[in-house]
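Trainee: First the structure, which I've put down as structure tokens, then a few questions once you've had a look.
The values are calculated or read from the model by the stated rules, or taken from the named source; none is laboratory data. As the structure is a prediction and not an experimental result, all values here were calculated from the model. Neighbour counts are summed over all protein chains in view; Cβ atoms, including those assigned to glycine, are modelled from backbone coordinates with ideal geometry. Just so you know, the surface numbers come from the protein's heavy atoms only, side chains and all, with ligands and any DNA or RNA stripped out. Shrake-Rupley method; radii C 1.70, N 1.55, O 1.52, S 1.80 Å.
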Amino acid sequence: MRKILVTGASGQVGSELKKLSVSRKEDFLFVSRDMLDITHAGNVRKFLEKHPVEAIINCAAYTAVDDAEDNPERAAQVNSEAVEIFAGICKEKQLKMVHISTDYVFDGQKNSPYFEEDPAAPLGIYGKTKWEGEEAMRRINPPRSVIIRTSWVYAPGGNNFVRTMLKLGKEKDVVKVVDDQVGTPTRAGDLAAAILEILPGLDNKEVRTYHYTNEGVCSWFDFAKAVMEYGKLPCKVIPVPSSEYPTKAKRPKFSVLSKQAFKRDFKMDIPYWRDSLREYLEEMGVNN
Ligand SMILES: NC(=O)c1ccc[n+]([C@@H]2O[C@H](COP(=O)([O-])OP(=O)(O)OC[C@H]3O[C@@H](n4cnc5c(N)ncnc54)[C@H](OP(=O)(O)O)[C@@H]3O)[C@@H](O)[C@H]2O)c1
């Protein structure tokens with residue numbers, strides 16, 4: 001593959017792709033918002049005329065779930081309209097496209113893992129705009145393209161739950177964490193590696209949707225306890241209901257995603273969330 005454009009390059013998944021790119025044979029072009037604002041259709045077109053690529057991995061998104069409630073237009077521009085722009089360009093120029101979406105397209109009313117074809121019913125603006133982005137991609141239908149839904153992503157430098165828990169674990173003796181929202185954490189490095197693994201072989205005619213998270217199931221409370229345990233932090237974690245921790249945006253109570261389709265089509269093992277978290281904290285030097 002000649003060249004791969006990665007948007008959102010300073011975000012969690014974008015940064016992990018960048019790390020992995022050094023040992024890959026493909027050429028990469030990493031762009032953060034200051035280099036390419038993906039909401040400006042004209043700029044995106046001009047940029048791609050000047051820098052021809054064969055594939056686009058769209059990691060850029062408006063990811064501030066609560067802020068999105070107050071900024072629905074901005075969230076829509078980044079999460080829906082920009083995806084439509086990319087999908088149109090990819091179809092026209094026959095570029096492969098990997099777009100990342102979210103478990104928040106679901107309302108969390110199921111009590112078994114969500115399949116790709118389960119009906120979406122987002123509870124907030126973030127999930128709604130991400131769903132509209134997915135729908136634009138399916139409508140335009142660039143061949144050899146995929147939507148990958150993920151959840152509870154963490155990476156070094158990102159604003160994520162692991163980072164917050166490590167900080168609180170060092171500062172406090174006790175933290176309260178909700179135990180009635182259940183899902184699966186995803187190490188951004190695992191997702192980035194999976195994307196690079198599947199990209200060269202994409203040969204589908206219709207856009208396909210897949211789920212990729214780490215394996216397993218946990219609540220935010222379980223996740224916090226694991227961070228404290230593997231990070232060797234003596235902080236006690238107390239389970240509380242979501243009603244004690246109100247947030248602007250509603251979140252699904254259950255958003256475990258089935259990865260059957262991904263494993264079947266790409267013949268890939270997916271790491272268990274506890275193993276990935278332990279390894280991540282080790283690599284970060286947190287539990288030494
Ligand atoms: N984080 C999660 O827990 C989670 C869960 C499920 C799905 N996802 C999805 O996974 C993907 C990657 O998430 P992530 O955690 O890596 O997100 P992230 O760390 O928030 O990174 C997103 C990046 O997008 C950039 N961006 C925002 N608006 C832009 C614009 N108009 N033009 C160009 N770049 C823009 C941001 O730049 P600035 O820093 O300059 O704003 C940021 O670097 C996203 O599609 C997200 O919806 C994430």
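Trainee: Efficiency by 1/(1 + (r/R0)^6): what FRET value for Met268 and Lys50, r their Cβ-Cβ distance, R0 = 45 Å, to the nearest 0.05?
Mentor: Numbers: r = 35 Å, r/R0 = 0.77.
Step by step, r from the Cβ atoms, then E = 0.80.
Trainee: How far is it, in nm, from the label point at Lys176 to the one at Lys248 when both lie 7 Å from their Cα along the line to the Cβ?
Mentor: If labels sit at Lys176 and Lys248, their model points lie 2.2 nm apart.
Trainee: Kindly work out what percent of the DSSP beta bridges joining two residues of the chain are antiparallel, to the nearest 5. Before the final figure, lay out the partial values.
Mentor: On the way: 2 of 35 bridges.
For the chain, the DSSP antiparallel bridge percentage is about 5.
Trainee: With N set to the number of residues, divide the alpha-carbon radius of gyration of the stretch 59-150 by 2.2 N^0.38 Å and report two decimals. Kindly include the intermediate steps, with their values, before the conclusion.
Mentor: Values: Rg = 13.1 Å, N = 92, 2.2 N^0.38 = 12.3 Å.
For the stretch 59-150, the normalised Cα radius of gyration is 1.07.
Trainee: Right, another one. Quick one: which residues, 5+ away or cross-chain, put their amide H under 5 Å from the amide H of Ser255? H built at 1.01 Å from N.
Mentor: It is Val182, Gly183, by chain and number.
Trainee: Sticking with this structure for a sec: Where only protein heavy atoms count, and the probe is 1.4 Å, what is the accessible area per residue for the stretch 95-240 in Å²? Before the final figure, lay out each step's value.
Mentor: Numbers: 5760 Å² over 146 residues.
Computed with neighbouring chains in place, this is 39 Å² per residue.
Trainee: Compute the orientation-averaged projected area for the chain from the convex hull of its Cα atoms and round it to one decimal in nm².
Mentor: Working: hull surface 58.0 nm².
Averaged projected hull area, Cα only: 14.5 nm².
Trainee: Expressed as a whole number of Å, what is the distance separating the alpha-carbon centroids of the stretch 92-123 and the stretch 134-172?
Mentor: Spelled out, the Cα-based centre of one part sits 13 Å from the other.
Trainee: Run the dipole for the stretch 247-288 about the Cα centre, Lys and Arg Cβ at +1, Asp and Glu Cβ at -1, nothing else charged, and hand back the magnitude in debye, nearest 20.
Mentor: Working: 10 positive and 6 negative charges, 110 e Å.
It comes to approximately 520 debye.
Trainee: Next up: Taking the Cα atoms of the stretch 85-244, what is the range of coordinates along each of the three principal axes, in descending order and whole Å?
Mentor: 56, 30, 25
Trainee: Let me ask something additional. Considering amide H positions built from the backbone, and no H for Pro or chain starts, which residues 5 or more places from Ser101, or on another chain, come under 5 Å of its amide H?
Mentor: Those lying under 5 Å, H to H, from Ser101 are Ile148, Arg149, Thr150.
Trainee: Restricting attention to the stretch 239-288, which trypsin sites (Lys or Arg not before Pro) occupy a DSSP loop and are surrounded by at most 10 other Cβ atoms within 10 Å?
Mentor: Listed in order of number, the matching sites are Lys267.
Trainee: Take every DSSP beta bridge with both residues inside the stretch 165-288 and express the antiparallel ones as a percent of the total, to the nearest 5. Walk me through the numbers on the way to the answer.
Mentor: Numbers: 2 of 9 bridges.
Among the beta bridges of the stretch 165-288, antiparallel pairing accounts for roughly 20 percent.
Trainee: Largest first, how would Cys90, Cys59 line up by accessible area (1.4 Å probe)? Intermediate results must be reported in sequence, preceding the final value.
Mentor: Working: Cys90 0, Cys59 25 Å².
Final ranking, largest accessible area leading: Cys59, Cys90.
Trainee: Counting other Cβ atoms within 10 Å, which chymotrypsin sites (Phe, Trp or Tyr not before Pro) in the stretch 102-192 have at most 15 and lie in a DSSP loop? Don't jump to the answer; show the numbers that get you there.
Mentor: Numbers: sites: Tyr104, Phe106, Tyr114, Phe115, Tyr126, Trp131, Trp152, Tyr154, Phe161; in loops: Phe106, Phe115, Trp152.
Listed in order of number, the matching sites are Phe115.
Trainee: Something else: Which order do the peptides 30-38, 180-188 come out in when sorted by mean C-beta neighbours inside 10 angstrom, highest first? Could you put the intermediate results ahead of the total?
Mentor: Working: 30-38: 16.8, 180-188: 22.9.
Sorting 30-38, 180-188 by mean packing, highest first, produces 180-188, 30-38.
Trainee: How large a share of the accessible area of the stretch 1-157, in percent, is made up of carbon and sulfur atoms when the probe is 1.4 Å and the other protein chains stay in place? Let's see the in-between values first.
Mentor: Details: 3350 of 6860 Å².
Answer for the stretch 1-157: carbon and sulfur cover 49 percent of the accessible area.
Trainee: Which far-off residues, 5 or more places away or on another chain, put their amide H under 5 Å from the one on Val153, with H placed in the peptide plane?
Mentor: When sequence neighbours closer than 5 places are left aside, the close amide H contacts are Thr186.
Trainee: Got a sec to turn the phi values of the stretch 143-155 into Karplus ³J(HN,Hα) couplings, 6.51 cos²θ - 1.76 cosθ + 1.60 with θ = phi - 60°, whole Hz, x for Gly and Pro?
Mentor: Each residue's phi maps through the Karplus curve to give x, 6, 10, 9, 9, 10, 8, 9, 7, 6, 7, 9, 7 Hz.
Trainee: With θ set to phi - 60°, apply the Karplus curve 6.51 cos²θ - 1.76 cosθ + 1.60 along the stretch 95-102 and write out the HN-Hα couplings as whole Hz, x wherever there is a Gly or Pro.
Mentor: 9, 6, 9, 10, 10, 9, 10, 9
Trainee: Want the number for Glu135 to Lys167: 0.36 nm per residue separation, take away the alpha-carbon distance, what's left?
Mentor: Values: separation 32, 0.36 × 32 = 11.52 nm, distance 3.78 nm.
Result for the pair: 7.7 nm of gain on full extension.
Trainee: Quick one: putting +1 on the C-beta of Lys and Arg, -1 on the C-beta of Asp and Glu, what dipole do you get for the chain around its Cα centre, in Debye to the nearest 20?
Mentor: In debye, rounded to 20, the chain gives about 480.
Trainee: Would you check the accessible area of Arg74, probe 1.4 Å, heavy atoms only, in square angstrom rounded to 10?
Mentor: Here the accessible area works out near 80 Å².
Trainee: Continuing with this model, one more query. Taking each pair of distinct Cα atoms in the stretch 44-112 once, what is the resulting Kirkwood hydrodynamic radius in Å?
Mentor: Values: mean 1/r = 0.0723 Å⁻¹.
Answer for the stretch 44-112: a Kirkwood hydrodynamic radius of 13.8 Å.
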